[in-house]
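A.B. asks: Can you read through this structure? Questions will come right after.
The values are calculated or read from the model by the stated rules, or taken from the named source; none is laboratory data. Just so it is clear, the structure is predicted and the values come from calculations on it, not from any experiment. Counting neighbours? That spans all protein chains shown, and the Cβs are built from the backbone with ideal geometry, glycine included. In case anyone asks, the SASA skips ligands and DNA or RNA and just uses the protein heavy atoms, side chains included. Shrake-Rupley method; radii C 1.70, N 1.55, O 1.52, S 1.80 Å.
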Amino acid sequence: MTLRLFGGELASRDYFPLLRWMIFTGVTLFGFAILWRYGFFQLMIAQDRSGISLFICLLYLAICGHCLTSILTVSREINTAHRVRDHVMNGVTNYRTEGSRVVTDDGAALPAGRITDYIRSLVVKAEKQGRERRLDQTLLLRGLADKLRSPMLLKLGLLGTVVGFILMLFPLASLENFDPASMKSSMKVMSGGMAVAMYTTLAGLVGSILVKAQYYILDNASAYLFDVTTDLTEVFVVSALERGAHGGV
């Protein structure tokens with residue numbers, strides 16, 4: 001199965017994080033369309049005098065754009081990792097560096113990508129440390145994990161709650177007379193403050209949940225890329241480098 005995106009044909013097995021994100025976003029947009037159809041967003045914007053709810057919605061759209069960019073990047077890296085794996089598993093026994101490239105014993109260069117950069121680091125380390133020591137990639141793997149590690153709206157929602165309660169309780173501080181007219185005016189202002197607190201809290205909680213779901217997809221994709229890199233280098237690359245360093249066949 002292939003997916004056509006931005007004018008190119010992409011293997012769906014390599015771009016499965018993007019497919020998951022598109023399905024999740026499609027369902028989310030459908031839910032937002034229903035809420036818009038029944039006037040929920042219009043009511044929230046009208047009732048929230050602080051504007052925090054609208055800011056949370058705009059920030060959510062910006063985070064979605066960042067998440068899409070990150071997922072596309074990881075998906076391309078997964079595609080590269082699969083190509084490198086297919087090449088390495090075809091009996092490669094020697095690696096050498098030529099600038100920023102990694103060239104195998106058949107004269108072909110590995111596709112450019114993060115996994116190739118990692119293999120290049122292994123080759124350089126094997127050349128630098130000599131033949132006496134075994135090649136340990138623990139520190140390199142830790143650095144790779146840090147690079148792949150992928151933030152918040154919930155905190156903004158809680159900030160809106162505090163602002164709303166301040167607006168709600170402010171009339172009580174300035175209340176001097178407890179006549180019905182003053183109480184009625186104060187209750188009206190308090191209800192507006194409560195609306196700010198509730199709407200901002202709701203926007204923050206819903207936005208935080210949706211963002212966490214998207215970054216969960218991204219984290220899964222990053223973990224898969226890390227697993228592919230670890231398995232490939234440990235089984236094929238490191239063993240070939242150590243065999244060459246110790247004069248094995």
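A.B. asks: Is it the case that Gly107 is modelled with pLDDT of 70 or more and on the phi > 0 side of the Ramachandran plot?
C.D. replies: Criteria met by Gly107.
A.B. asks: Can we say Val235 is closer than 19 Å to His87 by Cβ, modelled with pLDDT of 75 or more and open to solvent by 10 Å² or more (accessible area, probe 1.4 Å)?
C.D. replies: Considered against the rule, which asks whether it is closer than 19 Å to His87 by Cβ, modelled with pLDDT of 75 or more and open to solvent by 10 Å² or more (accessible area, probe 1.4 Å), Val235 comes out as yes.
A.B. asks: Still on this structure, please answer the following. Restricting attention to region 16-65, and to residues there that are among the hydroxyl-bearing types (Ser, Thr, Tyr) and over 15 Å from Ile209 (Cβ atoms), which single residue is most open to solvent (accessible area, probe 1.4 Å)?
C.D. replies: Residue satisfying both the conditions and the ranking: Tyr38.
A.B. asks: Against the definition (over 32 Å from the mean Cα position of the chain (by Cα) and either hydrophobic (A, V, I, L, M, F, W, C) or at pLDDT below 75 (or both)), how does Met198 come out, yes or no?
C.D. replies: It is false that Met198 is over 32 Å from the mean Cα position of the chain (by Cα) and either hydrophobic (A, V, I, L, M, F, W, C) or at pLDDT below 75 (or both).
A.B. asks: Another one. Where in region 15-112 are there helices (runs of 4 or more DSSP H), lying fully within it, with 2 or more residues that are in contact with a helix residue (DSSP H, G or I) (Cβ under 9 Å, 6 or more places away or on another chain) and among the charged types (D, E, K, R)?
C.D. replies: 52-88
A.B. asks: Test Leu68 against the stated conditions and say whether it is surrounded by 14 or more Cβ atoms within 10 Å (Cβ to Cβ) and modelled with pLDDT of 90 or more.
C.D. replies: Yes, satisfied.
A.B. asks: With in contact with a Pro (Cβ under 9 Å, 6 or more places away or on another chain) and buried (at least 18 other Cβ atoms within 10 Å of the Cβ) as the only criterion, which of Val88, Val102, Val84, Val123 stands out?
C.D. replies: Just a single option satisfies the conditions, and that option is Val84.
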